[in-house]
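Written below as structure tokens is the structure these notes are about.
The values are calculated or read from the model by the stated rules, or taken from the named source; none is laboratory data. Remember, predicted model here, so these are calculated numbers, not experimental data. Backbone-built Cβ (ideal geometry, glycine too); neighbour counts: all protein chains shown. When the accessible area is computed, the model is the full protein with side chains, heavy atoms only, and any ligands, DNA or RNA have been set aside. Shrake-Rupley method; radii C 1.70, N 1.55, O 1.52, S 1.80 Å.
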Amino acid sequence: MMSAKLSPARAILAAFLLFLVTGPLWLPEFHVTLLNYIGLYGLVALGLVLLTGVGGLTSFGQAAFVGLGAYTTAYLTTAYGVSPWLTLLAGLGLTLAFALCLGFITLRLSGHFLPLGTIAWGISLYFLFGNLEWLGGHTGMTGIPAVSLFGLELKDSRSFFYLIWVVLLGAMLATRNLLDSREGRAIRALKGGTVMAEAMGVNTARSKIVIFTVAALYACVSGWLYAHLQRFVNPTPFSINQGVEFLFMAVIGGVAHVWGAVVGAGLITVLKQWLQDLLPELLGQSGNFEVIVFGLMMIFV
């Protein structure tokens with residue numbers, strides 16, 4: 001009887017999963033926090049892999065959907081004491097409504113008009129978050145409660161780590177299943193142009209709305225997780241700059257591959273942290289010099 005051998009890809013996956021299971025038990029607090037953010041950013045980048053890498057639609061406004069998820073749970077839990085799990089459903093419903101409305105308007109655009117349209121509504125929602133007094137304005141909202149799971153409060157980054165990565169891995173599995181389905185084959189046809197896809201009977205308008213909505217819902221879940229990890233929200237993380245960074249994560253990791261979302265999120269998050277420490281030492285002064293480096297990197301990539 002021949003012994004079964006793991007392929008290199010399966011061996012790497014098994015090692016990665018083992019690392020995720022045991023990592024919070026021995027890693028320093030800083031590295032656990034870094035992995036939490038990689039998971040949060042990877043979830044948004046996963047939506048962009050589906051939307052941009054597979055569907056060929058460019059969006060710079062995903063950070064606004066992250067903000068919708070974060071602010072929905074922040075407001076409902078602090079103002080009305082609603083359970084965080086119920087606010088997740090409320091956030092998904094609100095994001096679904098926004099995504100459908102925005103999708104029906106902006107997805108009719110083509111060429112460079114579509115990215116410009118996503119920039120426009122991304123900026124609009126960002127300023128909306130900052131100018132509504134009942135959302136805390138630019139100061140933000142505090143006092144967001146911790147999430148409870150099976151009677152256990154996830155108050156620290158180590159316990160929250162597992163929730164973030166379970167959600168991300170579940171979303172990755174769902175995305176792969178979607179892309180391998182009949183609807184997924186129709187979505188893959190979008191990048192090659194709508195004329196050929198429509199000639200083969202694909203409802204391209206419907207497929208565009210599907211991937212746009214799914215990407216928005218992934219971003220919403222990331223925002224919900226972010227709010228309960230930080231226990232505080234303000235508009236800064238949901239700006240257009242962050243939307244550009246999310247897209248860059250998807251591109252740098254391999255925009256057409258599901259695992260590219262995690263790779264890209266990991267590379268950019270670690271690189272950004274490294275540059276924030278290194279550049280002030282090299283230049284002898286403090287500042288957001290990593291923004292300049294990322295701009296040059298985007299041009300080269």
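Just one of the numbered conditions (1) in contact with a Gly (Cβ under 6 Å, 6 or more places away or on another chain); (2) at positive phi is not true of Gly201: (1). As a summary of the residue check, Gly23 satisfies the conditions (1) part of a helix (DSSP H, G or I); (2) of a type in the set (Gly, Ala, Ser); (3) buried (at least 24 other Cβ atoms within 10 Å of the Cβ) except for the one numbered (3).
All conditions but one from (1) assigned to a helix (DSSP H, G or I); (2) open to solvent by 50 Å² or more (accessible area, probe 1.4 Å); (3) touching a helix residue (DSSP H, G or I) at 6+ places or on another chain (Cβ under 8 Å) apply to Thr213; the one that does not is (2). Within this structure, Ala90 fails the test of being farther than 23 Å from Ser207 by Cα, part of a helix (DSSP H, G or I) and touching a strand residue (DSSP E or B) at 6+ places or on another chain (Cβ under 9 Å). Which ones in the range 257-283 are surrounded by 16 or more Cβ atoms within 10 Å (Cβ to Cβ) and outside any helix (DSSP H, G or I)? Answer for the range 257-283, where residues must be surrounded by 16 or more Cβ atoms within 10 Å (Cβ to Cβ) and outside any helix (DSSP H, G or I): Val258, Trp259.
Ala205 fulfils the conditions (1) surrounded by 19 or more Cβ atoms within 10 Å (Cβ to Cβ); (2) at pLDDT below 95; (3) small (Gly, Ala, Ser) except for a single criterion, (1). Every listed requirement among (1) aromatic (Phe, Trp, Tyr); (2) surrounded by fewer than 23 Cβ atoms within 10 Å (Cβ to Cβ); (3) within 24 Å of His228 (Cβ to Cβ) is met by Phe16 save one, (3). The residue of the range 216-235 that is farthest from Thr95 (Cα to Cα), among those that are in a helix (DSSP H, G or I) and in contact with a strand residue (DSSP E or B) (Cβ under 7 Å, 6 or more places away or on another chain), is His228.
Among the residues in the range 173-181, are any closer than 30 Å to Leu27 by Cα, open to solvent by less than 60 Å² (accessible area, probe 1.4 Å) and without any contact (Cβ under 8 Å) to a residue 12 or more places away in the chain? Yes; the residues of the range 173-181 include at least one that is closer than 30 Å to Leu27 by Cα, open to solvent by less than 60 Å² (accessible area, probe 1.4 Å) and without any contact (Cβ under 8 Å) to a residue 12 or more places away in the chain. In summary, Phe60 fulfils each of the numbered conditions (1) modelled with pLDDT under 95; (2) surrounded by 24 or more Cβ atoms within 10 Å (Cβ to Cβ); (3) farther than 16 Å from Phe98 by Cα; (4) among the hydrophobic types (A, V, I, L, M, F, W, C) with the single exception of condition (3). Taking the conditions (1) at pLDDT 90 or above; (2) under 29 Å from Asn241 (Cα atoms); (3) β-branched (Val, Ile, Thr) in turn, Val82 satisfies each one other than (2). Looking across the range 85-101, the residues that are farther than 17 Å from Val233 by Cβ and free of Cβ contacts under 8 Å to residues at least 40 places away in the same chain come down to Leu86, Leu89, Gly93, Ala97, Cys101. Annotation note: Cβ proximity below 6 Å between a residue of the range 119-145 that is touching a residue at least 24 places away in the same chain (Cβ under 8 Å) and in a loop (DSSP other than H, G, I, E, B) and a residue that is aliphatic (A, V, I, L, M) and open to solvent by less than 80 Å² (accessible area, probe 1.4 Å) (sequence gap 6+ or interchain) occurs for Gly140/Val233; Ile144/Ala74; Ile144/Ala227. Only one residue in Gly122, Gly91, Gly136 is under 18 Å from Leu225 (Cα atoms) and either at pLDDT below 90 or open to solvent by less than 60 Å² (accessible area, probe 1.4 Å) (or both). Which one? Testing whether each residue is under 18 Å from Leu225 (Cα atoms) and either at pLDDT below 90 or open to solvent by less than 60 Å² (accessible area, probe 1.4 Å) (or both) leaves just Gly91.
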